[in-house]
Amino acid sequence: MKMPKELYNGVIIFIGIALYFALIEVLQLTDVFYLRLLNILFVYYGVNKTLESNYKHGKNNFGKNAISAFVTGFIGIFLSLIGLTAYIYSKGGDEFIESLSYTLLYPGEATVMTYVFSLLIEAIVSVMIVSFSLLLFWKRKYPSD
């Protein structure tokens, strides 16, 4: 059975982000907030792979490609947030949150759920920006009209 490309590339995003953050932890750079922003590169890679596959197979419909791009990104970020939640709870839950860098949306004291929820909001916005920018790139490269 062949896995849908959206799921496959979403899992690739998750694996990339997980390995990236594991490397940051090993190098003891978790307190450097701006390194966390580089995870968007993994989202770009996975969404771009999905769109590239769609256009190679002649799927030029902008709406269907948009759904495909969003699904890919959302799978990647949801898996990443599930993994992060499990990791936080394995390290002590709310007490461990204090050692993590603060999020863009929740700079105060956070619980696990508020921390993950604020990351979810950041991630959804990131996926939308990445997807729309790549959709416009591919539409220009392979116009459907």
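The values are calculated or read from the model by the stated rules, or taken from the named source; none is laboratory data. Here the structure is a predicted model, which means the values were calculated and not measured. Heads up, the Cβs are rebuilt from the backbone with ideal geometry, glycines too, and the neighbour counts pull from every protein chain shown. Surface areas here come from the heavy atoms of the whole protein model, side chains and all, with no ligands, DNA or RNA. Shrake-Rupley method; radii C 1.70, N 1.55, O 1.52, S 1.80 Å.
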Original post:
Once the Cα atoms of helix 62-90 and of the chain are each reduced to a long axis, what angle between those two axes, in degrees from 0 to 90 to the nearest 10, is obtained?
Top reply: 20 degrees
Subject >> Ellipticity estimate at 222 nm from DSSP helix runs (n ≥ 4, -39,500 (n - 2.57)) divided over the chain, nearest 500 >> reply: -24500 deg cm²/dmol
Original post:
Percent of accessible area on the chain owned by carbon and sulfur, 1.4 Å probe?
Top reply: 69 percent
Subject >> Accessible surface, region 31-74, averaged per residue in Å² (probe 1.4 Å) >> reply: 56 Å²
**OP:** Scan the chain and hand back the longest stretch that contains none of the GluC sites (Glu not before Pro) lying in DSSP loops with at most 12 other Cβ atoms within 10 Å.
**Re:** 1-97
**OP:** Quick one: angle between helix 112-141 and the longest Cα principal axis of the chain, in degrees between 0 and 90, rounded to 10, please.
**Re:** 20 degrees
Original post:
Looking at the chain, how many pairs of lysines come closer than 24 Å at the Cα, when each pair is eight or more places apart or spans two chains?
Top reply: 21
